[in-house]
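*Asks:* The structure follows.
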Amino acid sequence: RLDIWHTFNHVLRRLSERIHHGEIHAEQVTVSDQMEHVLLVLQQRKKFKFTEIFDDTVSVTTVVATFLAILELARLQKLSLRQDATFSDIEITGFEIS
């Protein structure tokens with residue numbers, strides 16, 4: 001959906017303040033790795049916001065891979081995504097495992 005894309009752009013702009021500028025290094029961040037990371041965070045916390053899972057310095061590659069990871073996990077019904085207002089942070093909630 002176009003709304004999700006606009007939201008991602010807005011979140012990326014807000015995270016740009018925390019993105020480390022400087023030398024360019026080859027970085028290997030995969031969507032699969034970020035899916036595992038998000039699932040590990042969900043084991044510790046039932047609910048969190050998208051921007052809360054990043055360090056003080058985060059790369060654009062990591063943000064993009066993580067965004068794609070949460071979309072894929074939502075598609076696989078491993079978590080749900082919620083947004084209270086246009087351009088607000090995305091809330092991620094894990095499903096109860098029965």
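*Asks:* Among the residues that make up segment 2-12, is at least one of them outside any helix (DSSP H, G or I), more than 14 Å from the chain's Cα centre (by Cα) and either surrounded by fewer than 15 Cβ atoms within 10 Å (Cβ to Cβ) or modelled with pLDDT of 95 or more (or both)? So that I can check it myself, show each step before the final result.
*Replies:* Of all residues in segment 2-12, those outside any helix (DSSP H, G or I) come to none.
The answer is no, given that none of the residues of segment 2-12 is outside any helix (DSSP H, G or I), more than 14 Å from the chain's Cα centre (by Cα) and either surrounded by fewer than 15 Cβ atoms within 10 Å (Cβ to Cβ) or modelled with pLDDT of 95 or more (or both).
*Asks:* Would you please name the residue that is surrounded by the most Cβ atoms within 10 Å (Cβ to Cβ), looking only at residues in segment 34-58 that are closer than 22 Å to His6 by Cα and in contact with a Ser or Thr (Cβ under 8 Å, 6 or more places away or on another chain)?
*Replies:* Of the residues in segment 34-58, the ones closer than 22 Å to His6 by Cα are 34-35, 38, 48-54, 58.
Filter again for in contact with a Ser or Thr (Cβ under 8 Å, 6 or more places away or on another chain), leaving 34, 38, 50, 53-54.
Working: Gln34: 23, Val38: 21, Phe50: 21, Ile53: 18, Phe54: 15.
Filtering segment 34-58 for residues that are closer than 22 Å to His6 by Cα and in contact with a Ser or Thr (Cβ under 8 Å, 6 or more places away or on another chain), the one surrounded by the most Cβ atoms within 10 Å (Cβ to Cβ) comes out as Gln34.
*Asks:* Consider only pairs whose beta carbons are under 7 Å apart and that are at least six residues apart or on different chains; among these, list those whose first residue lies in segment 65-94 and is in contact (Cβ under 8 Å) with a residue 40 or more places away in the chain and whose second residue is of a type in the set (Gly, Ala, Ser) and open to solvent by less than 30 Å² (accessible area, probe 1.4 Å).
*Replies:* Every condition considered, the pairs that remain are Leu79/Gly94.
*Asks:* Go through segment 59-69 and report how many residues are open to solvent by less than 60 Å² (accessible area, probe 1.4 Å), of a type in the set (A, V, I, L, M) and touching a helix residue (DSSP H, G or I) at 6+ places or on another chain (Cβ under 6 Å). Steps first, please.
*Replies:* Of segment 59-69, the ones open to solvent by less than 60 Å² (accessible area, probe 1.4 Å) are 59, 62-67, 69.
This time we only want the ones that are of a type in the set (A, V, I, L, M), so: 63-65, 69.
Those still in the list that are touching a helix residue (DSSP H, G or I) at 6+ places or on another chain (Cβ under 6 Å) too: 63, 65, 69.
Number satisfying all stated conditions: 3.
*Asks:* Looking at segment 60-98, which of its residues are in contact with a Ser or Thr (Cβ under 9 Å, 6 or more places away or on another chain), of a type in the set (S, T, N, Q) and at pLDDT 90 or above?
*Replies:* Ser80, Thr93
Yes/no per residue for (1) closer than 21 Å to Asn9 by Cα; (2) basic (Lys, Arg); (3) in a helix (DSSP H, G or I); (4) under 10 Å from the mean Cα position of the chain (by Cα):
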{"position": "Gln28", "(1), (2), (3), (4)": "no, no, no, no"}
{"position": "Asp33", "(1), (2), (3), (4)": "no, no, yes, no"}
{"position": "Glu36", "(1), (2), (3), (4)": "no, no, yes, no"}
{"position": "Leu42", "(1), (2), (3), (4)": "no, no, yes, no"}
{"position": "Thr61", "(1), (2), (3), (4)": "yes, no, yes, no"}
{"position": "Val64", "(1), (2), (3), (4)": "yes, no, yes, yes"}
{"position": "Ala69", "(1), (2), (3), (4)": "yes, no, yes, yes"}
{"position": "Glu72", "(1), (2), (3), (4)": "yes, no, yes, no"}
{"position": "Ile92", "(1), (2), (3), (4)": "yes, no, no, yes"}
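The values are calculated or read from the model by the stated rules, or taken from the named source; none is laboratory data. What you see is a predicted model; the values in this text were computed from it and never measured. Cβ coordinates were reconstructed from backbone atoms using ideal geometry, including for glycine residues, and neighbour counts include every protein chain displayed. For the accessible areas, the whole protein counts, side chains as well, though only heavy atoms, and no ligand, DNA or RNA atoms are used. Shrake-Rupley method; radii C 1.70, N 1.55, O 1.52, S 1.80 Å.
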